[in-house]
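Heads up, the thing below is written out as structure tokens.
The values are calculated or read from the model by the stated rules, or taken from the named source; none is laboratory data. Treat the numbers as computed from the prediction; the structure is a model and nothing was measured. So basically every Cβ, Gly included, is an ideal-geometry build from the backbone, and we count neighbours across all protein chains shown.
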Amino acid sequence: MTFAKTAAAAAALSMLLGATGALAQSSAEPATSVGCLHMAKKVSAALDANQQSPNYSAARTQAQGAQGFCAQGLYKIGVDGYAKALEMLGAS
């Protein structure tokens, strides 16, 4: 019985932490076409400012993938992809 309670508490905590992370991401930019455009501009500026970054190529590839997702209407995946590219460059 104690194991079941512990497992349930751990599952609830995991869900809560996951939801909090999703809220933090979604509050930065909405998962819409406008959010994609804003993030694309941020990433473009970050790429221009960080051309000597060792992660430049990977971040550019990540941004290109995010652009593809946004073009297909998969805005959440696109916005998250742009956020990952910014993270790779150490930008916000």
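Odds and ends about this structure:
- In the range 37-49, the residues that are closer than 17 Å to SER92 by Cβ and either surrounded by 17 or more Cβ atoms within 10 Å (Cβ to Cβ) or aliphatic (A, V, I, L, M) (or both): MET39, ALA40, LYS42, VAL43, ALA45, ALA46, LEU47, ALA49
- Flag if GLY68 is at pLDDT 95 or above, closer than 14 Å to CYS36 by Cβ and in contact with a Phe, Trp or Tyr (Cβ under 7 Å, 6 or more places away or on another chain): no
- Residues of the range 55-77 satisfying the condition of being assigned to a helix (DSSP H, G or I) and either among the hydrophobic types (A, V, I, L, M, F, W, C) or closer than 11 Å to VAL43 by Cβ (or both): ALA58, ALA59, ARG60, GLN62, ALA63, GLN64, ALA66, GLN67, PHE69, CYS70, ALA71, ILE77
- Selected residue (criterion: modelled with the lowest pLDDT) from residues of the range 23-36 that are closer than 14 Å to ALA83 by Cβ and touching a helix residue (DSSP H, G or I) at 6+ places or on another chain (Cβ under 9 Å): SER26
- Residue check, ALA66 closer than 16 Å to GLU87 by Cα and surrounded by 12 or more Cβ atoms within 10 Å (Cβ to Cβ): yes
- First in the range 40-56 and within 24 Å of PRO30 (Cα to Cα), second anywhere and surrounded by 17 or more Cβ atoms within 10 Å (Cβ to Cβ) and among the hydroxyl-bearing types (Ser, Thr, Tyr), Cβ under 8 Å, 6 or more apart: ALA40/TYR82; LYS42/TYR82; VAL43/TYR82
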